1. Being more than 30 Å from ALA141 (Cβ to Cβ), more than 22 Å from the chain's Cα centre (by Cα) and of a type in the set (D, E, K, R) narrows it down to one residue among ASP279, ASP335, ASP303; which is it?
2. Restricting attention to segment 137-165, and to residues there that are open to solvent by 60 Å² or more (accessible area, probe 1.4 Å) and either over 27 Å from the mean Cα position of the chain (by Cα) or of a type in the set (Ser, Thr, Tyr) (or both), which single residue is farthest from SER12 (Cα to Cα)?
3. Residues of segment 275-285 being part of a loop (DSSP other than H, G, I, E, B) and either open to solvent by 10 Å² or more (accessible area, probe 1.4 Å) or of a type in the set (Asp, Glu) (or both), which ones?
4. Taking segment 240-274, which residues are over 26 Å from the mean Cα position of the chain (by Cα), touching a residue at least 60 places away in the same chain (Cβ under 8 Å) and part of a helix (DSSP H, G or I)?
5. Just to be sure I understand, how many residues within segment 286-318 are among the hydrophobic types (A, V, I, L, M, F, W, C) and part of a loop (DSSP other than H, G, I, E, B)?
6. Scan segment 319-352 for residues that are assigned to a helix (DSSP H, G or I) and in contact with a Lys or Arg (Cβ under 6 Å, 6 or more places away or on another chain) and report the count.
7. With more than 30 Å from LYS349 (Cβ to Cβ), of a type in the set (D, E, K, R), open to solvent by 30 Å² or more (accessible area, probe 1.4 Å) and at pLDDT 95 or above as the only criterion, which of ARG304, ARG247 stands out?
8. Just to verify a result, which residue in segment 167-224, among those that are of a type in the set (Val, Ile, Thr), at pLDDT below 95 and part of a strand (DSSP E or B), is farthest from the chain's Cα centre (by Cα)?
Amino acid sequence: MGMPKIAVVGGSIAGLTAANVLRDAGCEVDVYERSDTLLSGFGTGIVVQPELVRYLLERTATTLDDISVPSHEMRYFDAASGEGVGKVEAGWRFTAYNAVYQKLLDAFGTERYHLGKELVRVAPGIDSSSAVFADGTEVVADLIVCADGGGSVARRQLLDRTPDYAGYVTWRGMVDESDVSAETWDFFQDAFTYGLLPDGHIIAYPISQVSSEGVVTGDTRLNFQWYWNVEAGAALDELMTANDGSRRPVSVHFTALPQPSLEAFRGRATTQLASVFRDLIIGAPQPFVTIVADADVPQMAFDRVVLIGDAAFTPRPHAAAGAAKAAADAWTLADRLVEANGDVTDALKAWEPERLAVGEAYLSKVRAMAAVLQHGGEFPPGASEYRFGLPQPA
């Protein structure tokens, strides 16, 4: 039995990792991305996990220094007073979305990376499955791998499941050295920093600057997220309403951010945060706000259709391994197909239970972290249960 023909729906990090490892396993692979243009993560930062960069390190000439910057500590502060709570040695590295995405795209190539393919529906079948896109095209494959993210069309169709609002949002931003004081810039170097608050928290860390072509320039930026509890209903609707009057379902990016929202963001920093955290927040030239939501699933395989990454379990970001989980889903799928000599049915029978267990364990972990981080709970420096990365399922 030969290796299957595979259609990957979604061309971000999860989809590209899947496409690369499945192609290397001998499958014929095409990727279908809904965007009309190549993707950009708006410069957002990612904590490097082994699963995330495994493909780049093992099968391309990429090194960690090519895509990331190191740190040596995790530090914990009261963000309101600036007083230190504790610190631990921790050798994490940080990268940017654009750096990882571009390297994975370079590895796969663009010949079989199809833009402008917005999924409308999938049709699982016993012998083959199909995907229909908004432009009217239909693709038939031996296996369809749906990596279409937290708002997955496939998951909604197959399971009637969409992410649930978690009760808080995250403000995200980036600063260059020229945007903040020298004291603030130096304060956040060489570390992952927590700023703890009674009703939320801040995280900050340096990442590599990346050019529009995805090339790391050697300079660094500071990346932050500030999590706010916001009650569902009128308050959330107001915050997520863009300057054109539309209520955005996931994010309001800077160009669409109404002036009152920006003033509230900076005003809250001015009145509630210690100087270095305040300077970091106010210095961000283009902050934006995103809803935090999550979803679990009872099933990831549907005949010859599978859900991977955020299209299956959509986690909250606190353990910094969502992209790593997606990559691990892809690697394991390729392994099981090879072990089954290309038999999709046998491969998925082995693959699905283990990936469900990992997804459930990871979702439980990040929900437990949120329960303390967003409500002033005990968050001991270096606590093993809150360590970054994927958990080992029981």
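The values are calculated or read from the model by the stated rules, or taken from the named source; none is laboratory data. No experiment lies behind these values; they were computed from the predicted model shown. Note: ideal-geometry Cβ built from the backbone for every residue, glycine included; neighbour counts use all protein chains shown. Quick note on the areas: whole protein, heavy atoms, side chains included, nothing else; ligands and nucleic acids left out. Shrake-Rupley method; radii C 1.70, N 1.55, O 1.52, S 1.80 Å.
1. Details: ASP335 fails: more than 30 Å from ALA141 (Cβ to Cβ); ASP303 fails: more than 30 Å from ALA141 (Cβ to Cβ).
One residue alone meets the criteria, ASP279.
2. Within segment 137-165, the first condition is being open to solvent by 60 Å² or more (accessible area, probe 1.4 Å), and the residues that meet it are 138, 140, 156-157, 160, 162, 164-165.
Then drop every residue that is not either over 27 Å from the mean Cα position of the chain (by Cα) or of a type in the set (Ser, Thr, Tyr) (or both), which leaves 138, 140, 162, 165.
On the way: GLU138: 21, VAL140: 21, THR162: 19, TYR165: 23 Å.
Result: TYR165.
3. Of all residues in segment 275-285, those part of a loop (DSSP other than H, G, I, E, B) come to 284-285.
Correct list: PRO285 only.
4. The answer is GLN272, and nothing else.
5. Filtering segment 286-318 down to residues among the hydrophobic types (A, V, I, L, M, F, W, C) leaves 288-289, 291-293, 295, 297, 300-302, 305-308, 311-313.
Now narrow it down to the ones that are part of a loop (DSSP other than H, G, I, E, B): 297, 300, 308, 312-313.
Result for segment 286-318: 5.
6. Step one: list which residues in segment 319-352 are assigned to a helix (DSSP H, G or I), which gives 322-339, 344-352.
Restricting the remaining residues to those that are in contact with a Lys or Arg (Cβ under 6 Å, 6 or more places away or on another chain) gives 329, 344, 347, 350-351.
Counting residues in segment 319-352 that are assigned to a helix (DSSP H, G or I) and in contact with a Lys or Arg (Cβ under 6 Å, 6 or more places away or on another chain) gives 5.
7. Working: ARG304 fails: more than 30 Å from LYS349 (Cβ to Cβ).
Going through ARG304, ARG247 in turn, the sole match is ARG247.
8. In this case the residue turns out to be THR217.
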